[in-house]
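Below is one structure, written out as structure tokens, with a few remarks after it.
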């Protein structure tokens with residue numbers, strides 16, 4: 001029995017995190033045309049500066065119109081680069097966004113709805129969690 005708690009402490013959160021990542025990858029994201037309504041440049045990270053083009057966009061999905069504010073369409077550490085990129089985002093510009101099929105108010109700029117990011121984070125979580133619990137497991141085996 002000694003040391004078995006380690007397996008429970010490790011595998012339950014890992015199974016939950018993996019299940020969440022699998023669920024996230026199973027969602028269907030539908031492409032739709034969005035239109036830029038306005039743009040602005042803002043400092044988006046304290047400390048190390050990061051400048052972003054923040055847009056207000058409109059898109060239609062499932063027969064409804066959606067207006068989203070604070071959409072980060074571009075970011076860079078150099079404000080001059082961000083200023084130059086802003087010219088590529090004029091009012092009325094169309095571009096593709098992806099909405100979640102069962103929840104059209106949720107959108108993503110990536111076709112998979114950032115599912116890849118969730119998978120990577122889950123893997124990193126599992127590794128970090130293992131490394132944190134490893135000393136406790138080793139100590140319990142002595």
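It is to be established whether one or more residues within segment 21-29 are surrounded by 14 or more Cβ atoms within 10 Å (Cβ to Cβ) and at pLDDT 80 or above. Looking through segment 21-29, at least one residue is surrounded by 14 or more Cβ atoms within 10 Å (Cβ to Cβ) and at pLDDT 80 or above. Between 94, 63, the distinction of being more than 30 Å from residue 20 (Cα to Cα), exposed (fewer than 14 other Cβ atoms within 10 Å of the Cβ) and over 20 Å from the mean Cα position of the chain (by Cα) belongs to 94 only. For residue 74, the conditions (1) crowded, with 16+ Cβ neighbours inside 10 Å; (2) not in a strand (DSSP E or B); (3) not assigned by TED's automatic domain parsing to the domain that holds residue 134 are fulfilled apart from (2).
Selection of segment 97-110 for residues being surrounded by 11 or more Cβ atoms within 10 Å (Cβ to Cβ) and farther than 7 Å from residue 29 by Cα yields 97, 103, 104, 105, 106, 107, 108, 109, 110. The single condition among (1) part of a helix (DSSP H, G or I); (2) surrounded by 14 or more Cβ atoms within 10 Å (Cβ to Cβ); (3) at pLDDT below 90 that residue 113 does not satisfy is (1).
When you scan segment 117-142, how many residues do you find that are surrounded by 11 or more Cβ atoms within 10 Å (Cβ to Cβ), modelled with pLDDT under 75 and either more than 16 Å from residue 11 (Cα to Cα) or in contact with a strand residue (DSSP E or B) (Cβ under 6 Å, 6 or more places away or on another chain) (or both)? Here the count works out to 5.
Filter segment 85-106 for residues that are modelled with pLDDT of 90 or more and part of a strand (DSSP E or B) and give the result.
Step one: of segment 85-106, the residues modelled with pLDDT of 90 or more are 85-99, 104-105.
Selection gives 94, 95, 96, 97, 98, 99, 104, 105.
The values are calculated or read from the model by the stated rules, or taken from the named source; none is laboratory data. Just so it is clear, the model here is predicted, and its values are computed rather than measured. So basically every Cβ, Gly included, is an ideal-geometry build from the backbone, and we count neighbours across all protein chains shown.
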